[in-house]
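What follows is a short report on a single structure.
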Amino acid sequence: MSKLVIVESPAKAHTIQKYLGPDYEVMASMGHVRDLPASRMSVDVKNDFAPNYENIKGKGELIKKLRAEAKKSDYVYLATDPDREGEAISWHLAQLLKLDETEPNRVTFNEITKSGIKYGMEHPRRIDQQLVDAQQARRVLDRIVGYEISPFLWKKIRKGLSAGRVQSVAVRLVVDREDEIRAFKPEEYWTLEALLQKQGVKAKPFLAKYYGTGGKKCEITTEEQANALKAAAEKEPFIIKSIKMGTRQKNPAPPFITSTLQQDASRRFGFQAKRTMKVAQELYEGINLPDLGAVGLITYMRTDSLRISDEALSAAHDYIQRTYGENYALAKPRTFRSKSNAQDGHEAIRPTMIDLAPAKIKESLSSDQYKLYKLVWERFIASQMAACVQDTVSTDITAGEHLFKASGFSVRFDGYTRLYTEAVDNEEEQETNLPRLEEGEHLTLKELKPNQHFTQPPARYTEASLTKALEENGVGRPSTYVTITSTIVGREYVKREGKQFVPTELGEAVTKLLEERMPNIVDVKYTSKMEADLDKIDSGDRDYIDMIRHYYEDFEAPLEKAKKEMQGVKIKLKAAATLARKADILLLDEPLNGVDYKAREEIIALILEEADENRTMVISTHLIEEVESFIEDAIFIKDGQLVDVVNVETERMTTGNSLAELYLQKM
């Protein structure tokens with residue numbers, strides 16, 4: 001009996017084929033096979049927002065092979081990724097292959113291991129239509145917002161712009177942060193630090209900070225005040241007034257979810273989110289290991305859940321006890337609570353085989369794979385290790401009526417920190433390791449130093465901190481963070497300066513226009529509520545057509561009002577000339593092949609003048625299909641002469657003409 005299993009990627013197909021054996025044929029769909037065509041909105045607003053899907057260009061041969069294989073197979077299993085996107089791909093495959101959607105032909109693998117695949121194949125189910133509807137609702141809403149608002153932006157600011165349901169909010173966060181930085185007025189303040197040493201014994205000096213005078217906390221705001229306090233305190237003996245001893249426990253961070261993995265990889269390795277997720281996908285889909293073959297090393301990497309399976313917790317406990325000893329193992333597993341809006345569809349990101357310590361398999365991994373696997377493995381194991389126990393000491397030190405404070409700690413038991421400590425965006429101030437002190441003891445003053453400081457504006461977003469802000473505000477979901485950040489940079493609404501995100505003039509202009517005319521589109525709370533409503537479709541608590549209608553009506557009225565009120569208004573960008581000079585020109589027109597260099601330069605200059613500030617590309621009879629999806633403006637040149645400049649997307653939406661059809665008309 002022959003069985004066909006369809007997954008998304010060839011790497012995943014290779015790994016799964018090894019475990020399923022010769023009775024199964026495993027094929028890859030290479031991602032989506034159908035989608036809304038880009039040449040038009042492809043959503044029938046008047047007919048309950050019905051989407052008009054088409055087979056993706058270039059996948060005809062693959063679809064033909066899948067149909068042929070499905071026809072000769074006794075049963076077809078749809079094993080695309082275990083999330084909304086994967087569910088939708090399975091649904092599209094079922095439609096294309098004419099499969100019975102009431103059959104239990106959908107299988108999911110949380111991990112690509114022998115046990116994970118065995119479990120998935122033993123628990124087939126029907127395609128979850130609610131998950132499919134949730135994905136469709138997002139796709140349809142995104143398409144409507146983009147195709148309704150983008151032409152408005154073209155007319156008011158510049159051709160080729162786009163607005164998005166989530167990307168516009170992300171740009172606003174970056175713009176708002178820049179506004180905060182510009183409006184920030186630094187304030188001067190001072191600190192006074194005493195370098196003190198225990199008398200009569202050889203001990204390392206320690207720092208104590210000025211707290212206040214006369215029993216009250218005091219802020220030092222000027223140099224004069226700091227110097228006056230310094231002069232007064234220097235005349236007095238420094239005496240230990242009180243000592244407070246204690247202990248504290250530091251617990252480990254939870255295992256990774258998608259957003260925290262991206263953030264930690266950014267802080268530690270400087271990885272952009274796209275790079276992190278590419279490597280994570282490789283680790284999930286399978287790595288060839290000596291004696292084991294292809295093995296998925298981590299669980300599914302798009303997740304917002306902190307749940308861990310009982311089997312994994314038990315394996316972690318045994319490993320910790322065996323490797324580090326009884327004191328490092330927990331009496332019962334540590335559990336973590338997911339956020340209230342978490343989908344909880346999958347476990348947290350963890351290693352699939354606890355005994356595969358990073359050092360054991362380092363030689364089989366690329367540098368990036370090793371770094372990320374080590375990070376996931378150590379974070380998970382540390383999450384099930386005993387807490388770090390620290391002995392703390394804080395002391396009040398008087399210099400006459402002036403009070404100084406010092407605090408420190410020593411590690412009594414290192415616990416999980418033996419293996420892993422969490423990286424943070426801003427390093428906390430380090431506490432001093434204090435010597436043994438006694439109340440009433442006199443200390444030697446080595447130095448009393450005033451330090452000038454200024455309050456600092458909020459930091460610009462990095463990719464890691466923007467992802468964190470989006471997650472905390474309920475905007476976007478695990479599968480979309482990479483797309484959001486790459487889109488806002490790719491569209492030139494935001495630029496990178498080092499690791500920081502800085503809004504461009506274009507990004508600020510678009511955000512300001514949307515804030516004034518369609519505030520809901522860039523409102524964080526509104527978008528968060530929309531995300532929550534979209535999540536309700538998953539659980540069947542919200543009808544997806546009614547939900548789309550509600551949000552469509554919400555933004556359609558202000559859009560129409562803006563169109564009327566802004567007729568004839570054009571927002572000018574200062575950077576237009578610069579953008580024109582940077583226009584991307586690709587010469588593909590055959591008549592230019594015989595034109596000398598100087599003439600070519602003159603034609604390019606003419607193109608730039610005609611195209612104004614638009615990013616441009618020259619199109620000819622060949623390579624049209626190859627470049628169509630990459631361009632915004634088509635420049636038609638015939639016999640070395642400029643014929644026309646056309647915005648391709650506008651033409652698609654207004655006339656339905658493809659680039660090839662435009663070429664035939666104009667040339």
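One line per residue, one yes/no per condition, for (1) in contact with a strand residue (DSSP E or B) (Cβ under 9 Å, 6 or more places away or on another chain); (2) charged (D, E, K, R):
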position	(1), (2)
Pro10	yes, no
Leu20	yes, no
Ala28	yes, no
Arg34	yes, yes
Tyr53	yes, no
Gly58	no, no
Lys98	no, yes
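Do we find a residue being under 30 Å from Glu439 (Cβ atoms) and assigned to a loop (DSSP other than H, G, I, E, B) anywhere in the range 186-200? Within the range 186-200, one or more residues are under 30 Å from Glu439 (Cβ atoms) and assigned to a loop (DSSP other than H, G, I, E, B). Under the condition of being small (Gly, Ala, Ser) and not in a helix (DSSP H, G or I), the residues counted in the range 479-492 number 1.
Looking only at strands (runs of 3 or more DSSP E) that fall completely inside the range 1-79, which ones have 2 or more residues that are at pLDDT below 90 and exposed (fewer than 15 other Cβ atoms within 10 Å of the Cβ)? Steps first, please.
Working: elements: 3-7, 24-28, 75-78.
Strands (runs of 3 or more DSSP E) meeting the threshold: none at all.
Beta carbons closer than 8 Å, at least 6 apart along the sequence or on distinct chains, pair a first residue in the range 434-452 that is over 16 Å from Asn227 (Cα atoms) with a second that is among the basic types (Lys, Arg) and open to solvent by 60 Å² or more (accessible area, probe 1.4 Å) for Pro435/Lys204; Glu439/Lys241.
When the residues of the range 498-512 are filtered to those that are crowded, with 22+ Cβ neighbours inside 10 Å and either out of contact with any helix residue (DSSP H, G or I) (no Cβ under 6 Å at 6 or more places or on another chain) or hydrophobic (A, V, I, L, M, F, W, C) (or both), which remaining residue is modelled with the highest pLDDT? This residue is Phe501. Among the conditions (1) open to solvent by 30 Å² or more (accessible area, probe 1.4 Å); (2) in a helix (DSSP H, G or I), the only one that Lys495 does not satisfy is (2).
I'm checking my understanding of the structure. Among residues of the range 217-264 that are among the acidic types (Asp, Glu) and open to solvent by 20 Å² or more (accessible area, probe 1.4 Å), which one is nearest to Gly440 (Cα to Cα)? Don't jump to the end; show me each part of the working.
Start the filter on the range 217-264 by keeping residues that are among the acidic types (Asp, Glu), which leaves 219, 223-224, 234, 236, 264.
Subsequent filtering for residues that are open to solvent by 20 Å² or more (accessible area, probe 1.4 Å) retains 219, 223-224, 234, 236.
On the way: Glu219: 26, Glu223: 31, Glu224: 31, Glu234: 18, Glu236: 14 Å.
Only one residue tops the list, namely Glu236.
Checked across the range 522-536, the condition of being modelled with pLDDT of 85 or more, farther than 30 Å from Met301 by Cα and surrounded by 15 or more Cβ atoms within 10 Å (Cβ to Cβ) holds for no residue. Residues in the range 423-446 that are charged (D, E, K, R), at pLDDT 90 or above and either in a strand (DSSP E or B) or farther than 30 Å from Lys216 by Cα (or both): Lys446 alone. Quick one: is Ile117 assigned to a loop (DSSP other than H, G, I, E, B), in contact (Cβ under 8 Å) with a residue 40 or more places away in the chain and among the aliphatic types (A, V, I, L, M)? Against the criterion (assigned to a loop (DSSP other than H, G, I, E, B), in contact (Cβ under 8 Å) with a residue 40 or more places away in the chain and among the aliphatic types (A, V, I, L, M)), Ile117 does not qualify.
Condition first: in a loop (DSSP other than H, G, I, E, B), at pLDDT 90 or above, over 30 Å from Val569 (Cα atoms) and touching a helix residue (DSSP H, G or I) at 6+ places or on another chain (Cβ under 9 Å). Can you find one or more residues in the range 460-467 that meet it? Before the answer, list the steps.
Just the residues of the range 460-467 that are in a loop (DSSP other than H, G, I, E, B), to begin with: 460-461.
Those left that are additionally at pLDDT 90 or above: 460-461.
Filter once more, so that each one left must be over 30 Å from Val569 (Cα atoms): 460-461.
Next, only the ones that are touching a helix residue (DSSP H, G or I) at 6+ places or on another chain (Cβ under 9 Å) stay: 460-461.
Yes, the range 460-467 contains at least one residue that is in a loop (DSSP other than H, G, I, E, B), at pLDDT 90 or above, over 30 Å from Val569 (Cα atoms) and touching a helix residue (DSSP H, G or I) at 6+ places or on another chain (Cβ under 9 Å).
Checked across the range 402-422, the condition of being open to solvent by less than 80 Å² (accessible area, probe 1.4 Å), among the acidic types (Asp, Glu), touching a Gly at 6+ places or on another chain (Cβ under 9 Å) and not in a strand (DSSP E or B) holds for no residue. If you go through the range 120-145 and keep only what is open to solvent by less than 60 Å² (accessible area, probe 1.4 Å) and in a loop (DSSP other than H, G, I, E, B), you end up with Pro124, Ile127, Asp128.
Within the set Ala294, Ala359, the sole residue that is surrounded by fewer than 22 Cβ atoms within 10 Å (Cβ to Cβ) and assigned to a helix (DSSP H, G or I) turns out to be Ala359.
Just one of Leu313, Leu289 is more than 23 Å from the chain's Cα centre (by Cα), within 26 Å of Ser9 (Cβ to Cβ) and of a type in the set (A, V, I, L, M); which is it?
Values: Leu313 fails: within 26 Å of Ser9 (Cβ to Cβ).
Only one candidate qualifies: Leu289.
The residues on offer are Thr303, Thr276, and the sole one that is in a loop (DSSP other than H, G, I, E, B), open to solvent by less than 20 Å² (accessible area, probe 1.4 Å) and of a type outside the set (Lys, Arg) is Thr303. Selection of the range 201-219 for residues being assigned to a strand (DSSP E or B) and in contact (Cβ under 8 Å) with a residue 40 or more places away in the chain yields Phe206, Leu207, Ala208, Lys209, Tyr210, Tyr211, Gly212, Thr213.
Evaluating Ser367 against the criteria (1) among the small types (Gly, Ala, Ser); (2) open to solvent by less than 50 Å² (accessible area, probe 1.4 Å); (3) free of Cβ contacts under 8 Å to residues at least 24 places away in the same chain leaves one unmet condition, (2). Would you tally the residues in the range 543-552 being open to solvent by 70 Å² or more (accessible area, probe 1.4 Å) and touching an Asp or Glu at 6+ places or on another chain (Cβ under 9 Å)? Total meeting the criteria: 3.
State which residue is farthest from Glu472 (Cα to Cα) when the search covers only the range 230-273 and only residues that are of a type in the set (Asp, Glu) and assigned to a helix (DSSP H, G or I). Break it down stepwise before answering.
We begin by selecting, within the range 230-273, every residue of a type in the set (Asp, Glu); these are 234, 236, 264.
Subsequent filtering for residues that are assigned to a helix (DSSP H, G or I) retains 234, 264.
Details: Glu234: 48, Asp264: 16 Å.
Residue satisfying both the conditions and the ranking: Glu234.
Taken over the range 553-574, the criterion of being small (Gly, Ala, Ser) and surrounded by 15 or more Cβ atoms within 10 Å (Cβ to Cβ) is satisfied by Ala562 alone.
Considering only residues that are within 30 Å of Val489 (Cα to Cα) and either touching a His at 6+ places or on another chain (Cβ under 9 Å) or free of Cβ contacts under 8 Å to residues at least 12 places away in the same chain (or both), which ones fall in the range 264-300? Full working, then the answer.
Here is the first cut: in the range 264-300, the ones within 30 Å of Val489 (Cα to Cα) are 264-285, 298-300.
Hits for the range 264-300 are Lys278, Glu285, Thr299, Tyr300.
The values are calculated or read from the model by the stated rules, or taken from the named source; none is laboratory data. Bear in mind that the values here come from a model prediction, so they are computed numbers and not experimental data. Cβ sites come from the backbone with ideal geometry, for glycine too, and all protein chains shown count toward neighbours. Note: accessible area is taken over every heavy atom of the protein model, side chains too, but ligands, DNA and RNA are not part of it. Shrake-Rupley method; radii C 1.70, N 1.55, O 1.52, S 1.80 Å.
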